[in-house]
């Protein structure tokens, strides 16, 4: 299982950087993202950067990076006629699916961690003056934990959509629309709740400790991740994919 | 190494049937492919060739009947079959963004080849096919013939005892197709591999295959060596070059006991004579009916003649 997963991971990580901008353009685009979010913004913000709201970009960066490549996972293989050959290999269904999810997560979350490391180095280089500047444990838990769980969420949802879509473009459209519906849907649902409920929720939030809220948030995302990944695994059937 | 089957057979099917909704794509195919042979599976488009390969690889389950590949049951041991076989399906299945070497490296990893083995094997196969110098190029820049060669190398990477090739020369120009056929024959013989080859190119089947099966609308209608099938067609083929071959003459020829089939093509009179029949009375008839005979060519039926006859039987 691990060897099979490793083979898929190897292939995907060779292909993913070339997906949007060709052989050299992909890594170059990533370097620009790292330079902007890992060097330029921390330099502009100053010593407080590591515990500021700006760290939210580290959480959202993998979502953006994964969204750009995950539609290709199965729809792209189908479009370029490589899927049937892949399915005719001895790789198990699980290793093909998990390998693609793992590769997308490695790409997005890996970039996010690189960006985080780079921003810490930048802030210390410019503002440290011999003292180590680092984010708080809470910020670290949110940034590292949540960016991982969001990466898995985006990769699993993307793979699920890509399994069903007949073209990459169709998969991208479904993902974009789905993403907007979920984000704006949550916003409008919360706004449309009765005033008393909204006040109760904000009071409850304020009275609960920050650590508890973080753990609760991470747990909710973990459950969602597992549910989406499980439904993608149920959807993955060799014989169905071959006929489609 | 094989599963629990007989070692001298690579493939054995019994009443293999597959339906897609109300359409019967494969209808009771019973077939045996001996180990070490090149078996040609002939049929027109939509006859069921690709479905057969998918069933044999365990990618689809049969609606009824059974199949063993290398002794493994296709219903329950698909993964073992795929581990011990190689397949070039309808499309080359190459990753165009990757280089030739990376394409082979990926599948070598899939087949869990040790690092030293896979490096040596990639070099050996690419070298043999004349592609070693271009191993670092992205496959997208390659011609279709080169891609097909690389795809064939991929099928043999892990030295499987059996490979499936689904119309490997389709879409190639005649020169590239002939070169690929030659490479394939040499590789297959050198590697001692059993080849299950689907094609609708009859010349290809005749050159490459020790045995062929003909499939028509999902049914296997003939199996044997090309010679056996030609004998089955029987008689001899006669081509008369000249002028004045009227419809009236054709009608009279078709009434003769010697003549099995008579038709004109591009001004030439083409006849199939029954076994042991003399040509002289037929030529006399042609001349007496006003035909001018310049040349008479005699020969055996080709595999193409057999194939066309089998396809015409269906229409009749």
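We did not get these values from a lab; they are worked out from the coordinates using the rules stated. Every value quoted in this text rests on a predicted model; they were computed, and no experiment measured them. FYI the Cβ positions are ideal-geometry reconstructions off the backbone, even for glycines, and counts take in every protein chain you see.
Using the C-alpha atoms of region A:1-87, what convex hull volume per residue, in cubic angstrom, is computed? Intermediate values should be presented prior to the final figure.
Values: hull volume 10.3 nm³, N = 87.
Normalising the Cα hull of region A:1-87 by residue number yields 118 Å³.
Going by the alpha-carbon gyration tensor, a ≥ b ≥ c the square roots of its eigenvalues, is region B:33-170 rounded (a/c under 1.5) or, if a/c is not under 1.5, prolate (a/b greater than b/c) versus oblate? Working shown, then result.
On the way: a/c = 2.17, a/b = 1.54, b/c = 1.40.
Here region B:33-170 falls in the prolate category.
What residue among A:71, A:230, A:157 has the largest mean-square fluctuation in a Gaussian network model of chain A, using Cα springs under 10 Å?
Residue with maximal mean-square fluctuation among A:71, A:230, A:157: A:230.
For the pair residue B:119/residue A:203, report the inter-label distance in nm, with labels modelled 7 Å from Cα in the Cβ direction.
7.0 nm
Other chains near A:78-84: what is the mean number of their Cβ atoms within 10 Å of each residue's Cβ? Numbers along the way, then the final one.
On the way: counts 0, 0, 7, 7, 7, 2, 10.
Partner-chain Cβ atoms within 10 Å, mean over residues of A:78-84: 5.
Taking Cα atoms, how many degrees apart are the long axis of helix B:100-110 and the longest axis of chain B, rounded to 10 and kept between 0 and 90?
Approximately 70 degrees, to the nearest ten.
What is the distance, in nm, between label points placed 7 Å from the Cα along the Cα-to-Cβ direction at residue B:22 and at residue A:92?
4.1 nm
Between the helical axis of A:22-35 and the dominant principal axis of chain A, each derived from Cα atoms, what acute angle in degrees is found, rounded to the nearest 10?
Taking the Cα atoms of chain A, the angle to A:22-35 is about 10 degrees.
Based only on other Cβ atoms within 10 Å, what is the fewest-to-most ordering of B:166, B:117? Walk me through the numbers on the way to the answer.
Values: B:166 21, B:117 15.
So the residues, fewest neighbours to most, are B:117, B:166.
Would you mind giving the three semi-axes, in whole Å and largest first, of the ellipsoid equivalent to region A:65-184 according to its Cα gyration tensor?
Values: eigenvalues 248, 54, 28 Å².
So the equivalent ellipsoid measures 35, 16, 12 Å along its semi-axes.
If one takes the longest principal axis of the Cα atoms in chain A, at what angle in degrees, from 0 to 90 and to the nearest 10, does the Cα axis of helix A:56-69 lie?
Long axis of A:56-69 versus the principal axis of chain A: about 10 degrees.
For chain B, what is the calculated [θ] at 222 nm in deg cm²/dmol (nearest 500), taking -39500 (n - 2.57) for each run of four or more DSSP H residues and dividing by its residue count?
Working: 11 runs with 116 residues, N = 316.
Per the formula, -11000 deg cm²/dmol.
Would you please state the base-10 log of I(q)/I(0) at q = 0.15, 0.27, 0.31 1/Å for region B:227-280, with intensities from the Debye formula using one equal scatterer on every alpha carbon?
Debye intensities relative to I(0), on a log10 scale: -0.42, -1.10, -1.27.
Under the definition of partner shielding as Cβ atoms of other protein chains within 10 Å of a residue Cβ, what is the mean value for peptide B:98-107? Each step should come with its number before you reach the end.
Numbers: counts 5, 2, 0, 0, 4, 3, 0, 4, 9, 5.
Per residue, the number of nearby Cβ atoms from other chains is 3 on average.
If you scale each eigenvalue of the Cα gyration tensor by 5 and take the root, what three semi-axes come out for region A:157-227, rounded to whole angstrom and sorted largest first?
Working: eigenvalues 208, 60, 10 Å².
That gives 32, 17, 7 Å for the three semi-axes.
Short version: what are the Cα gyration tensor semi-axes of region A:35-75, square root of 5 times each eigenvalue, largest first, in whole Å? Don't jump to the answer; show the numbers that get you there.
Working: eigenvalues 163, 20, 4 Å².
Semi-axes from the Cα gyration tensor: 29, 10, 5 Å.
Report the full-extension gain for the segment residue B:90 to residue B:144: residue separation times 0.36 nm, less the Cα-Cα distance, to one decimal in nm.
Numbers: separation 54, 0.36 × 54 = 19.44 nm, distance 1.31 nm.
Using 0.36 nm per residue and subtracting the Cα-Cα distance, I get 18.1 nm.
By its C-alpha gyration tensor, with a ≥ b ≥ c as the square roots of the eigenvalues, how is region B:82-122 shaped: rounded for a/c under 1.5, else prolate for a/b larger than b/c, else oblate? Mind showing how you got there, number by number?
Details: a/c = 2.51, a/b = 1.22, b/c = 2.06.
Oblate, since a/c reaches 1.5 and b/c is not below a/b.
Once you've got the GNM for chain A with C-alpha springs shorter than 10 Å, pick whichever of A:211, A:112, A:202 has the biggest mean-square fluctuation.
So, out of A:211, A:112, A:202, the one fluctuating most is A:202.
In a Gaussian network model over chain B where Cα atoms closer than 10 Å are linked, find which of B:248, B:77, B:236 has the largest mean-square fluctuation.
Ranking B:248, B:77, B:236 by mean-square fluctuation puts B:248 first.
Obtain the radius of gyration and the Kirkwood radius of region B:1-105 from its C-alpha atoms and give Rg over Rh. List each step's numbers first, then the result.
Values: Rg = 14.9 Å, Rh = 14.9 Å.
Ratio value, two decimals: 1.01.
Could you give the radius of gyration (one decimal) and Dmax (whole number) of the Cα atoms in region A:70-135, in Å?
Rg then Dmax for region A:70-135, in Å: 19.7, 59.
What fraction, in whole percent, of alpha-carbon pairs in region A:126-244 exceed 20 Å separation?
63 percent
Nearest 500 deg cm²/dmol is fine: what mean residue ellipticity at 222 nm does chain A get from its DSSP H runs of n ≥ 4 alone, each adding -39,500 (n - 2.57), divided by its residue count?
It comes out at -25000 deg cm²/dmol, rounded to the nearest 500.
Give me the mean projected area, in nm² to one decimal, of the convex hull enclosing the Cα positions of the protein assembly as shown.
Numbers: hull surface 142.9 nm².
About 35.7 nm², averaged over all directions.
Just counting partner chain Cβ atoms within 10 Å, what average do the residues of peptide A:233-241 show around their Cβ?
Working: counts 0, 0, 0, 0, 0, 7, 6, 1, 1.
Per residue, the average neighbour count from other chains is 2.
Against the empirical 2.2 N^0.38 Å scaling, what ratio does the C-alpha Rg of region B:105-223 come to?
Values: Rg = 15.3 Å, N = 119, 2.2 N^0.38 = 13.5 Å.
Working it through for region B:105-223, the quotient is 1.13.
Return B:115, B:109, A:237 ranked ascending by Cβ neighbour count within 10 Å, so the fewest neighbours appear first.
Ordered by Cβ neighbours within 10 Å, fewest first: B:115, A:237, B:109.
Place the peptides A:117-125, A:54-62, B:52-60, A:30-38 in order of packing, highest mean first, counting for every residue the other Cβ atoms within 10 Å and averaging per peptide.
Numbers: A:117-125: 17.7, A:54-62: 20.0, B:52-60: 25.2, A:30-38: 15.8.
Highest mean packing first, the order is B:52-60, A:54-62, A:117-125, A:30-38.
Based on the Cβ-Cβ distance of residue A:106 and residue B:225, what FRET efficiency does E = 1/(1 + (r/R0)^6) give at R0 = 56 Å, to the nearest 0.05?
Details: r = 53 Å, r/R0 = 0.95.
Efficiency, from the Cβ-Cβ distance: 0.55.
If you build the convex hull over the alpha carbons only and average its shadow over all orientations, what do you get for region B:172-240? Give it in nm² to one decimal.
Numbers: hull surface 26.5 nm².
In nm², the orientation-averaged hull projection of region B:172-240 is 6.6.
Just for the protein assembly as shown, what percent of DSSP beta bridges are antiparallel, to the closest 5?
Values: 40 of 58 bridges.
If I count the DSSP bridges inside the protein assembly as shown, around 70 percent turn out antiparallel.
Between residue A:2 and residue A:226, what is the spin-label point distance in nm, taking each point 7 Å from the Cα along the Cα→C-beta axis?
With each label point 7 Å from Cα toward Cβ, the separation is 2.3 nm.
Neighbour counts of other C-beta atoms within 10 Å: give me A:127, B:107 arranged from fewest to most. Numbers along the way, then the final one.
Numbers: A:127 17, B:107 25.
With the sparsest Cβ surroundings first, the list reads A:127, B:107.
Enter the per residue convex hull volume of chain B, computed from alpha-carbon coordinates, in Å³ rounded to the nearest integer. Spell out each step's value before the answer.
Working: hull volume 49.6 nm³, N = 316.
It is 157 Å³ per residue.
Any idea what % of Cα-Cα pairs in region B:79-157 are farther than 15 Å?
Numbers: 1571 of 3081 pairs.
Every Cα pair in region B:79-157 considered, those over 15 Å come to 51 percent.
Highest mean first, what order results for B:148-161, B:273-286 on Cβ atoms within 10 Å?
B:148-161, B:273-286
By what distance, in whole Å, do the Cα atoms of chain A stretch along each of the three principal axes, largest value first?
The Cα atoms of chain A stretch 57, 49, 31 Å along the principal axes, largest first.
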